[in-house]
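**Q** Have a look at this one before I ask anything.
The values are calculated or read from the model by the stated rules, or taken from the named source; none is laboratory data. In this text the structure is predicted, and so the values were computed from the model without any measurement. Virtual Cβ from ideal backbone geometry, glycine too; neighbours counted across all protein chains shown.
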Amino acid sequence: MREALPVATVRTQVTVPLAFPDGFTTTARVFSFKGLVDGREHLALGLGDWAGALDRLAAGGEPPLVRPHSECLTGDVFGSQRCDCGPQLREAAQRIAEAGGFLLYLRQEGRGIGLYAKLDAYALQDAGLDTYQANLALGRGEDERDYSAAAQMLATLGVPRIRLLSNNPDKAEQLTRLGVTVAERVPTGLFLSPANAGYLAAKAAKAAQTQAVGTPSGGAPGAGVVR
């Protein structure tokens, strides 16, 4: 059953040139919103020929490429090697710019538990727990992310169907339940480093467990690491 959500509206839209540390540049049309269910300051970045992608969708063509990316201050801004969030963001910006679509930047740090709690979880990981066990040890959920605001943003932008840039079946399941048609799940890359090997192994094990219990995948299985 699809969940009904209140209607959100665009608050502001502005053009922002983007430059990444490796030299990649692109231009984003950045949208802010009013009426998002969680009251947070989420953003939608229209990249590449996003307007043309909307026109093609309206004409019955291929839906735009979309990635919901959860904020990671340590990885996105400071280049932390403990996770793969920074490289994911960089990959998504280029692939969406090439295809035309939207990057949804969601303010749900640490899989939804917040920045300070994420750092507490890091300390527990240093003591031997994996990323999911550490969240549970803090009395939090393994993954508290919610994509209701993402579904509202897509509805506001006129995007009822998407190609989802993600290996995470939960994103596809939640968005489908919230009324977004996931026409395809497009796998992301694998960004392995010595510092994040254990983190990625835990995510791969979680992905395998999720598939084993029959969680809908929404499309291609991807590289086997949940993002």
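**Q** All but one of (1) touching a Leu at 6+ places or on another chain (Cβ under 9 Å); (2) in contact (Cβ under 8 Å) with a residue 24 or more places away in the chain; (3) at negative phi; (4) not charged (D, E, K, R) hold for residue 134, so report the exception by its number.
**A** (2)
**Q** Pick out the one residue from 44, 51, 28 that is more than 20 Å from residue 87 (Cα to Cα) and at pLDDT 95 or above.
**A** Just a single option satisfies the conditions, and that option is 51.
**Q** Take residue 154 and tell me if it is touching a Pro at 6+ places or on another chain (Cβ under 8 Å) and within 25 Å of residue 19 (Cβ to Cβ).
**A** In short, no.
**Q** Shifting gears a bit: Kindly check whether there is at least one residue in segment 164-175 that is farther than 26 Å from residue 32 by Cα, among the acidic types (Asp, Glu), modelled with pLDDT of 95 or more and surrounded by fewer than 19 Cβ atoms within 10 Å (Cβ to Cβ).
**A** The answer is no, given that none of the residues of segment 164-175 is farther than 26 Å from residue 32 by Cα, among the acidic types (Asp, Glu), modelled with pLDDT of 95 or more and surrounded by fewer than 19 Cβ atoms within 10 Å (Cβ to Cβ).
**Q** Among the residues of segment 1-12, write down those that are surrounded by 12 or more Cβ atoms within 10 Å (Cβ to Cβ) and in contact with a strand residue (DSSP E or B) (Cβ under 7 Å, 6 or more places away or on another chain).
**A** Across segment 1-12, the qualifying residues are 8, 10, 11.
**Q** From the list 124, 136, 103, exactly one residue is surrounded by fewer than 19 Cβ atoms within 10 Å (Cβ to Cβ) and touching a helix residue (DSSP H, G or I) at 6+ places or on another chain (Cβ under 6 Å). Which is it?
**A** Within the list 124, 136, 103, the selection yields 124.
**Q** Follow-up. Any idea which of 138, 154, 124 is over 19 Å from residue 70 (Cα atoms), out of contact with any Asp or Glu (no Cβ under 9 Å at 6 or more places or on another chain) and among the aliphatic types (A, V, I, L, M)?
**A** Checking each option against the conditions leaves just 124.
**Q** Could I ask something else about it? Taking the condition within 24 Å of residue 178 (Cβ to Cβ), crowded, with 16+ Cβ neighbours inside 10 Å and of a type in the set (Ser, Thr, Tyr), does residue 32 pass? Show your work before the answer.
**A** On the way: within 24 Å of residue 178 (Cβ to Cβ): yes; crowded, with 16+ Cβ neighbours inside 10 Å: no; of a type in the set (Ser, Thr, Tyr): yes.
Spelling it out, it is not the case that residue 32 is within 24 Å of residue 178 (Cβ to Cβ), crowded, with 16+ Cβ neighbours inside 10 Å and of a type in the set (Ser, Thr, Tyr).
**Q** So residue 132 ticks every box in (1) at pLDDT 95 or above; (2) assigned to a helix (DSSP H, G or I) but one. Which box is left unticked?
**A** (1)
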